[in-house]
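Chemist: Sharing a structure with you now.
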């Protein structure tokens, strides 16, 4: 089925008498869809299904020193053990990207199907997913809706999965817990207290694969909501506060650098990416149009999600 798109686009002309944008309707032929527009997204998605299954199964291996490729070749049937992790993680990522895609269609902004990025099985098997916008987002309201829909949709699924995962998790003595330790954002601490109750002194939680995937879902949500450039958080911040988004991004940069020094070195990568791709969000045409009270409240809700899911030191090894 051909993707819906407007038959006419807004052009921008400058009236010499007044420095303002004047909408101009321009006829444009409908966009042609190519076979690769469906083959590439489906191929990447199926590859990501395989790599996340591999990652989930590899995390449950009985021989800790076994390599990922050796594990796959000697125990291919064990891939089924990766279903809880892969199914949960992909449910969160797919819901996130569909949030962007559906709102793009509703606002008649041409967009690709989600493009999932497979990754090595040594960790989680994926680098997430992206959607390519094939046309400019001219409306401030459209920018806000498209930017905020993904994080909120994925967040809802991640919270449900976290509750289920914590119910399946084990409480152990911290002295017996070795390996990778995950950071505890405020939301995780609160939901853990609700589901498991206060933990005994010296106790720790070994997350079930469903809970592990939910944690990553929350982590990805917080990364996307950083108000930098064209991240989801940059879209939302620019739609809400206009040029002040750049000031927020400038304030986040030294915070990320400090966290890279005292905590997780991965924050250096994010700071570097922000410097390369740009801190400021590009302008939209109707930036003076009011969003309305409902969207403003949703924007503050997205900011609360960022605060509640952000882990200053997401990974540590004990």
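Computed from the coordinates by the stated procedures, all read-outs in this text should not be read as laboratory data. Nothing here was measured: the structure is a model prediction, and the numbers come from that model. Using ideal geometry, Cβ is built from the backbone for each residue, glycine included, and neighbour counts are taken over all protein chains shown.
Chemist: At what distance in angstrom do the alpha carbon centres of the range 251-302 and the range 52-125 lie from each other?
Modeler: If you average the Cα positions of each part, the centres end up 26 Å apart.
Chemist: Using the Kirkwood radius built from alpha carbon pairs, what does the Stokes-Einstein equation give as D for the range 221-318 at 20 °C and 1.002 mPa s, in µm² per second?
Modeler: The calculation lands on 152 µm²/s.
Chemist: In whole Å, what is the distance between the alpha-carbon centres of the range 138-153 and the range 183-215?
Modeler: Result: 31 Å between the Cα centres.
Chemist: Given contacts defined as C-alpha pairs under 8 Å and at least six residues apart, what's the relative contact order of the chain, whole-number percent?
Modeler: 17 percent
Chemist: A further question follows. Can you put 109, 307, 102 in order of Cβ neighbours within 10 angstrom, beginning with the fewest?
Modeler: Result, fewest neighbours first: 307, 102, 109.
Chemist: Listing 133, 42, 252 from the residue with the fewest other Cβ atoms within 10 Å to the one with the most, what is the order?
Modeler: Listed from fewest to most nearby Cβ atoms, that is 42, 133, 252.
Chemist: How far is helix 266-277 tilted off the main Cα axis of the chain, in degrees rounded to 10, range 0 to 90?
Modeler: 20 degrees
Chemist: Right, another one. Taking the chain as the reference, fit the longest principal axis to its C-alpha atoms, fit the long axis of helix 232-241 to the helix C-alpha atoms, and give the angle between the two in degrees, 0 to 90, nearest 10.
Modeler: 40 degrees
Chemist: Treat the count of other C-beta atoms within 10 Å as a stand-in for reagent exposure and order 70, 75, 288 from fewest to most.
Modeler: 288, 70, 75
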